[in-house]
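Worksheet: one structure, shown below.
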Amino acid sequence: MQENRLQRINSEIKKALAEILANEIRDPRLNGLISITDVDTTNDLSHCYILVSIYEKDKKLRQQSFYALQHSAGFIRRSLADKVDLRIMPLLHFKLDDGFEINEKMDKLISSINIPHGDDDEK
């Protein structure tokens, strides 16, 4: 029962965070497309860990956007309290998801490998 409740809370927080990032935050330091990858709230609802992907080619701008997001955690928490009905709003902890960057590196490595096609098998 507790597991279903946490899943619902995580889902509601994720949906509200996406709306807040899209419509309410006006920080010029936020560059690129920001996507909420995962939300994990502790059992006692005191902490919420948010995995964030920032799609920006420039690594420096991506890091700057992540710091700006961390800096605005208080504002986001207050906005989240208006959208999600919880008695106590958990502290927000943002973590940068590097999955996009890793996938991009793997794609480059795979495309750089020259694999001969199997034309010799027909002989």
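Throughout, read-outs are computed from the coordinates displayed, never taken from laboratory work. Because the structure is a prediction, the values reported are computed rather than measured. Every residue, glycine among them, receives a Cβ derived from its backbone with ideal geometry; neighbour counts consider all protein chains shown.
With helices defined as uninterrupted DSSP H runs, which ones in the chain have an alpha carbon span along their own long axis of at least 30 Å and mean Kyte-Doolittle hydropathy of at least 1.6?
In the chain, no H run is both long and hydrophobic enough.
Among ARG29, ARG62, which comes first, then next, by fewest other beta-carbon atoms within 10 Å?
ARG29, ARG62
Any idea what % of Cα-Cα pairs in the chain are farther than 22 Å?
The share of Cα pairs beyond 22 Å in the chain comes to 45 percent.
May I ask you to derive the relative contact order of the chain, considering only C-alpha pairs under 8 Å and at least 6 residues apart, and to give it as an integer percent?
Result for the chain is 26 percent.
Please give the calculated 222 nm ellipticity per residue for the chain, where each DSSP H segment of at least 4 residues contributes -39500 (n - 2.57) and the sum is spread over every residue; nearest 500 deg cm²/dmol?
Result for the chain: -16000 deg cm²/dmol, rounded to the nearest 500.
If you restrict to DSSP beta bridges whose two residues both lie in the stretch 2-116, what percentage is antiparallel, to the nearest 5? Before the final figure, lay out each step's value.
Details: 8 of 14 bridges.
About 55 percent, rounded to the nearest 5.
Can you list the lysines whose alpha carbon sits under 23 Å from that of LYS95, skipping same-chain ones fewer than 8 residues off?
Partners found: LYS14, LYS15, LYS57, LYS59, LYS60, LYS83, LYS105.
On full extension of the chain, what length is gained from GLN7 through GLU19, given 0.36 nm per residue of separation minus the C-alpha to C-alpha distance? The partial results should precede the final answer.
Details: separation 12, 0.36 × 12 = 4.32 nm, distance 1.85 nm.
Here the answer is 2.5 nm.
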